[in-house]
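The values are calculated or read from the model by the stated rules, or taken from the named source; none is laboratory data. What you are looking at is a predicted structure, and each value in this text was computed from that prediction instead of being measured. Note that we place each Cβ from the backbone using ideal geometry, even for glycine, and neighbour counts take in every protein chain shown. Side chains are part of the model used for accessible areas, which takes the heavy atoms of the whole protein and leaves out ligands, DNA and RNA. Shrake-Rupley method; radii C 1.70, N 1.55, O 1.52, S 1.80 Å.
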Amino acid sequence: MILGKHCTRGCRFCNVSSSKILDPVDPEEPQNIAFVVKQFNLDYIVITSVTRDDLIDQGVNHYLKTVEQIKNISPGTNIELLIPDFNADLKCIEEISNSKINVIGHNIEMVPELYSTIRPDSNYECSLEILRLLKKTNSNIFVKSGIMVGLGETRQQLISSFKDIADIGVDIFYIGQYLQPTLKHVKVEKYYTPKEFKDLEHIVKDFGIKVVKSDPMIRSSYKAKEAYLECLEG
């Protein structure tokens, strides 16, 4: 995770601390990450970040520098980015989607009906727009998204969100169980069974999404390389 330890958003499911006044970006971070990738001979890496609404470029240039440094020192490494919403800024999306990456993801996190109470600083339609822009600006990369269940959503709300994602043409979609990180965070309303997760997986695949991972412990970077390879295989 790049761009610091603190986020400018305050999602009630997330254990990353929130603040409107954040530390300066570490200019040596991109090179340090590249050295680690080279040292451990990593052939696949997932890079994500906190949201940095306080920065003029929202952190895009730091992402680009990180990708550039990795490619300079380890050109064979495949790179996946899991990005914040960048407030659906077209320039930001174009710049980051045209960097030397293989997969780019942005999670819708939950059904739209829950945003006002759990993600009040974010917007479901904004997240959908980012995914649309990613698909439009670079057809050579795979686009990924994900959702948590157990927050109080209904089955029909989930199906509606699955259709939204499929209509955009997202290539990879993850479904995982929400787990309450601390007593201060929003409570779990439902624990889905493995059978229910398989049922949700079949629904998403029936909508036409290529690669679907659906399981209680699925998280954004779970078997990321394997999902990418599945997309390559078609």
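Each label was represented as a point 7 Å from its Cα along the Cα-to-Cβ direction; for residue 41 and residue 206 these points are 4.6 nm apart. Counting only protein heavy atoms and a 1.4 Å probe, region 180-219 has 67 square angstrom of accessible area per residue. Think of a 1.4 Å ball rolled over the protein heavy atoms: region 31-162 then has 43 Å² of accessible area per residue.
In region 1-128, Cα pairs under 8 Å separated by at least six residues give a relative contact order of 26 percent. If you sort 226, 233 by accessible surface, 1.4 Å probe, largest first, the order is 233, 226.
When only Cα pairs below 8 angstrom with a gap of at least 6 residues are kept, the chain shows a relative contact order of 17 percent. Here the chain has 51 percent of its accessible surface on carbon and sulfur atoms, given a 1.4 Å probe and all protein chains in place.
Taking chymotrypsin sites (Phe, Trp or Tyr not before Pro) across region 11-40, the ones in a DSSP loop with at most 16 further Cβ atoms lying within 10 angstrom of their Cβ are 40. Across all directions, the shadow cast by the convex hull of region 1-112 built on its C-alpha atoms averages 7.3 square nanometres. This model, with +1 at the C-beta of Lys and Arg and -1 at the C-beta of Asp and Glu, gives the chain a dipole about its Cα centre of some 420 debye.
Given a 1.4 Å probe and the protein chains as shown, residue 9 ends up with an accessible area of around 20 Å². So I have (1) 21.9; (2) 18.2; (3) 19.2, and one of them is Kirkwood radius over Cα pairs in Å calculated from this model. Which one is it? Among (1) 21.9; (2) 18.2; (3) 19.2, the one derived from this structure is (2). If you wrap region 85-175 in the convex hull of its Cα atoms and look at it from every side, the mean projected area works out to 5.4 nm².
Give me the percent of Cα-Cα pairs in region 119-234 that sit more than 22 Å apart, rounded to a whole number. The proportion of pairs with Cα distances above 22 Å equals 34 percent.
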